[in-house]
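Here is the structure we will look at.
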Amino acid sequence: MRFWLRHEEMALEEMVQRLNAVSKRTDEIMHHDISPLCAADIRDQLQKRFAYLSGGRGQDGSPVITFPDYPAFGDVPDQDFQNVMTYLTSIPSLQDAGIGFILVIDRRQDRWTSVKASILRIAASFPANLQLVLVLRPTGFFQRTLSDLAFRFNRDDFKMKVPVIMLSSVPELHGYIDKSQLTEDLGGTLAYCHSRWLRHRTAIESFALLVKQTAQMLQTFGTELAETELPNDVQSTSSVLLAHTEKKDRAKEDMRLALVEGRRVLESIHEPLARSPDQSPNQDQLDSQSTVHRLLAQLNETEAAFDEFWAKHQQKLEQCLQLRHFEQDFREVKSALDVLAQKVTTFTDVGNSLAHVQHLLKDLTGFEEKSSAAVQRARTLSQEGERLIEHKHYAVDSIRPKCHELRHLCDQFAADVERRRGLLGKSLELHGLLEASMKWCDEGIYLLASQPVDKCQSQDGAEAALQELERFLETGAENKIQELSKIFQDYEPILTKDLLEHVQRVFQKQESVEEMFHRRQASLKKLAAKQTRPVQPVAPRPEALTKSPCPSPGIRRGSENHSSEGSALRRGPYRRAKSEVSEGRQGRGGSTGDEESLAVLRRHVMKELLDTERVYVEELLCVLEGYAAEMDNPLMTHLISTGLQNKKDILFGNMEEIYHFHNRIFLRELENYTDCPELVGRCFLERMEEFQIYEKYCQNKPRSESLWRQCSDCPFFQECQKKLDHKLSLDSYLLKPVQRITKYQLLLKEMLKYSKSCEGAEDLQEALSSILGILKAVNDSMHLIAITGYEGNLSDLGRLLMQGSFSVWTDHKRGHAKVKDLARFKPMQRHLFLHEKAVLFCKRREENGEGYEKAPSYSYKQSLNMTAVGITENVKGDAKKFEIWYNAREEVYIIQAPTPEIKAAWVSEIRKVLTSQLQACREASQHRALEQSQSLPLPTPAGTSPSKASTRNIKKLEERKTDPLSLEGYGGPTPQQRAPEKGKGWSKTSHPSETPEDNDGWSSTEEPVNSSDAEEEGRAGPGKLVPGRYTVTRLDEKGVSDVLALRSGDEVELVQEGDEGLWCVRNLSSGVEGWVPARSLSTLLCQGGPVGCLSSPESSAGSAVLSPSSSCSESCTAALADLQG
C-alpha cells in the first residue's frame, strides 16, 4: 500500500510538471511572458488601424510596422497608442524582434507639423528596438519645402538611436524595402487584410488560452483524483470509480474540442492561400501557422500526460475495488467457516448404539456435504487472492495474510471433521463389538433355552448337547469382548461415562452367559460320564402322543422344530426370539432364563421403536428441507403454480412443530431408555401433552389433501422429488405423522406384553391408554370440525364421549312435530354425537373427491339435553335396537346400531351419563333434606347413614355395571365387552308387544327406573321383578330387614337390577338403601307367590312401574317428604 501511494505521488508529480511546462511554453509561444496583452483586449484600438504589422520584412528580415495616413493620429490617446505598439512588437518572434523594427510612416497627405508630432511621439513611446525609420513626407510643394528646411534645421529635435530618412516618393521607399514586402497602398504587392489579420490573431490567441486552461484544468483534476481518499467498502469504491471515470470522460471531451478548435484555426490561416495558389505566404502567415502547430503539439502533450496519469489512477481504483471485493468475500467466508467450526464442536455425541452411531455418521456426512460449498468458496477466494498478488496488486501486505488464514481455516475444518469421523468410526467399531457380543449372548441364551431337557438325560443326548455348546463357544472368539482393559485402552477417546457403563454391562452379561454355559457343560458332562444300569429308556408310543390331551412340551417342540426350521430361519430375529422363548418356557417350565428371554424381546421392541423413530425424524426433515424450505427459494419460484403460492402452512400444517418435538426432545429421551426398555412408558407419559400437536395436524389434513389434489402436477413437486431421489411423491410423506401416531400404540402393546411383571408395567399400560385416548380425540375432533349448522358452541356440551352412524325411527307418542313424522316407516340415517350434556343428531353428507377430500360433513338436525333423556335398552325383535326418549316419552327415537356390540357400548355409555346425573340429583336432594332435618330431627337407626349408604351403593353399582371403553370400543366391541344376556344386567326377557318390550328404561329426570313400557303393557310378566314401588308384606329375611330397617307395610322402591341377581332397594320410609337378592325380595314382597302378586300403592295389581310423567324434581320432593314424615 505504501509503495502504491509513493508510486501515485510520483505519477501525479510527473503529470503536474509536464502540464506546468505546457502552460509555460504556451505563454512563450504567445509571448505572454513579455506582453500579456491579447488582441481581444485592445480590439477597438487595433481596429482604428493607425498602425499595423503587415507581415513584410526588410532585407535583413526586420519586421515592418506601417503607420498609414491617419488624420486623427494626434487624437489617439497615449495609452491606446502604447498598447498597440506593445502588442505589435510582441507578435514577431524574438529572433526577428531582436534585429529591430523598420517603421514606415506615411504622411504624404499630412502637414509638417503633424509629421513632426508623429515622429516625436513614436520616438518617445516605441517599446522595441528600431533599425530604420522611413517617412514619406507631405507631397505638397509648400509642405515639402517646409519639411526639408525644418528637418534640416531641427534635426537635433529628432534624437533617435536610428536614422530617420525623409522620402519624397514611393519609389524611393522601394529602394529600402522590396515591393513584395510592402502593401498595395505603398506601391507593393503584399496582400494584407487588416480585419482578417485581426480575426486570425484573435482565434490564435483564444486557442492558446484554451490550451493553457485545459492544461490547468487537467492539473487540478489530477490533483483532486490523487488526493481522493479510497473508500473501505465495495459500494463506495464502485461509486468513486464511476464518478472519476465520468470526470475523465468530460476532460477528454474538452481536449477533443480544443483539438478541433486548433485545427479550425489552422484551416482559417490556410484558406487565403488555398484561394490563391500562386501567392506565397508571407512571414506573418508562416509565423501564425507555426504558432498553431506548436499549440497543437502542446495540447497533445497535455493529453498524453493526463492519459498516463489516468491509467495509473484507474488501475489503483480497480485494484482498490478488487481489494474491497476480496475483503468483503473474506469476511463472509470467514464468518461461514467460523459457524461451521462452531457446529463441528457440537458433534460431541459418540452414540449409544450401533444404529445411533450410523445415524451420527450420516449426519456428519450430510453436514460435510452441506459445508463443502462454503469450504470450496474459501479455497477459491484464496486462489483469487494469490492471482491478485501475482498481478502486482498494491495491497499485497493485506491480501497475503488473509489467503494464509483462509487456507488454515479450511485445513482446520477438514481436520476437525476427519477427527470427528475417526471418533465416530471408533465408536462404530466399539458398538459393533458390543452388538456382536450382545447378539452372541442372546444366541447363547436361545441355545440354552432350546436344548430339549428330555434328550439331555441320555448319554448320547448329553454328548450331543455338549458338542453343540462347544461349537457355539468357539464362535465367541470372533464375537466376544476378550479383554476389558484392552477395550478401555483402544477406545479411551470415546469412552464416556454412559458408554463405559454400557461396556461393563455387556461384559458382565457376557461373563454371565459364559458362566451359564460352563454350568450347563458341567451338568452335561456329568450326564455324559454317568454309568448306570443299561436300561433303555422307552419313549411313549405315537398313538399315546396323539391321544394324550396334554402332550409333553418337549416332545411336541421337538416334532415341530424339524418341520418349521426353514420357516423359522426365514422369519426375522424378533419373531424367532418369540418362538424360541415360547418353546423354552414349555421345555423348562418357567426356568430362570425366562426373564432374560423377555428382556431380549423387550430390547428388540425398543430397538424397533428407536430405529423407526430415527427414520421418522429423518423423513420429516427431508420433507421440510426438500419441499417446505424450497417453496421460499427464489430460484424455485417460477416452478410454483399460482394456486400453490403462499399455501405452505396449509400444505404442511404444523409438521415443523412435530419435527422439532421429536428431534429435539422425544428421540433423545427415548434413547435414554435403551438399557431399560420396560420403563419407556414414563417417557410417553411425561410428553403426553406435547402429543396433542398431532390433533392440529390431523385437523388440517383434509385441507392439505385437497390442496395436493389440486396442485399435484405442479413442476415444483416433480423437481423437488427428483432432487431428493424419492420414489414416492410428497403425499406419501405427508401421511407419515398420521401413520406414526398410530404406530406407537402397537409398539406399546408389544412392550407391555413382555413387561407385565416388570416395574414399569403400570406406566406402559397408562401410556397405552393415553395414546389410545389421543387417537380417539384425534378421530373425534376430525368429525366434530365437520359439523355444520350448529349455532351454539360445541365445547359447551362437554366432552365428546362417542360418535357413530345409526338408523333412526321417530315414534312421538304425544303429537307430531311434523306431518311427515306421522308415517315414518323408513329409517333416517343419522350420525349421533354423545356429549356429556347432550346428544346431537346430524345427517352425514359425503363430499365428492378422493382420500381426505372425500371426508364427510355433518349437517346438524337436532339435539337432546341429557337432563331430559331416558333410554330403553331392548326393543322387541332386534338385538341391535334401543330407544332414546325425551321429556317423558313425548319424543321417542328408536336407534338401530350396526352391531349388537356397538349398541351395548352406547347403552353403557349413556347409562353412565344418566347415573352420574342421577347421583348428582340425589346428593342435592339429600343435602336439602339434611338441612331441613336439622330443624326437624328424624329417628334413624344407629349406625345408619342414608347418604353414605346411597353413595356407596351407587359407586358399587357403577363399578359393576360400567367398563372403560378403549378406542377400539369406540368403533366396535372390545374383548371385555359382551352383548347383554337374558335375565342379567339391563337386558331381560321379551314380551309380545308392538311397542318396546322391556321394563328397563333409564332416565335421569325420573326415579332410577321408569319403564317406558308401562304405558303400553300396564302389567309385568309373570315371574320377574321390575323397578317400581312396593309394599312389604312379610319379614322372613331378618338380615335384609335389619339392613334396610324394614317393617311390615313399609313402602320400598326397587331402584335397579345389578349383577348376580341383586337389586338396589330403597326404604322410602327411612331413606336407607341397600343391595338385596331377588329371591329375598320375592319372599319379602310376596309370600312365595309369583311376581305378579306384588302390590304397589301407586299402580294396579301386578303393575310395577311409575307414571312416566314423574320427574326428578317430583321424586326428590317425595323422598324429602318421606324423610320429614
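Per-structure values
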item	result
Under-5 Å amide H pairs with TYR754, H placed in peptide plane, nonlocal only	none
Calculated FRET value between GLU501 and LYS526, using beta carbons and R₀ = 45 Å, to 0.05	0.75
Theoretical FRET efficiency, 1/(1+(r/R0)^6), r = Cβ-Cβ of GLN739 and ARG844, R0 25 Å, to 0.05	0.45
Gain upon complete extension [GLN235, THR637; 0.36 nm per residue less C-alpha separation]	141.9 nm
HN-Hα J in Hz across region 69-80 - Karplus 6.51, -1.76, 1.60, θ = phi - 60°, x for Gly and Pro	5, 9, x, 8, 4, x, 8, 5, x, 4, 5, 5
Electrostatic dipole magnitude of region 599-781 [Cβ: Lys, Arg +1; Asp, Glu -1; Cα centre; debye, to 20]	440
Cβ-derived FRET efficiency at R0 60 Å, ASN20 paired with SER180, nearest 0.05	0.90
Linear extension gain, GLU618 paired with ASP675, 0.36 nm per residue minus alpha-carbon span	18.2 nm
Spacing of the two label points (7 Å from each Cα toward its C-beta) at ARG196 and LEU257, in nm	2.9
Amide proton proximity set for ASP878, modelled H, under 5 Å, gap of 5+	none
Inter-site label distance for GLU515 and LEU930 at 7 Å from Cα along Cβ, in nm	6.2
Potential extension, LYS861-LYS722 segment - 0.36 nm per residue separation minus Cα distance	45.1 nm
Ranked by how many other beta carbons lie within 10 Å on average, peptides 201-209, 170-178, 101-109, 641-649 from highest	101-109, 201-209, 170-178, 641-649
Simple spin-label estimate for SER485 and GLN376 in nanometres, 7 Å along Cα-Cβ	5.1
Shape of region 418-460, Cα gyration tensor, a/c cut at 1.5	prolate
Inter-part distance where region 339-369 and region 39-85 are each reduced to a Cα centre, Å	102
Peptides 240-248, 893-901, 119-127 ordered by average Cβ neighbours within 10 Å, highest first	893-901, 119-127, 240-248
Calculated P(r) of region 348-495 - Cα pairs past 22 Å, %	64
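Coordinate-derived values only; no laboratory data. All values derive from a computational prediction rather than experimental measurement. Cβ: placed from backbone, ideal geometry, glycine included. Neighbour counts: every protein chain shown.
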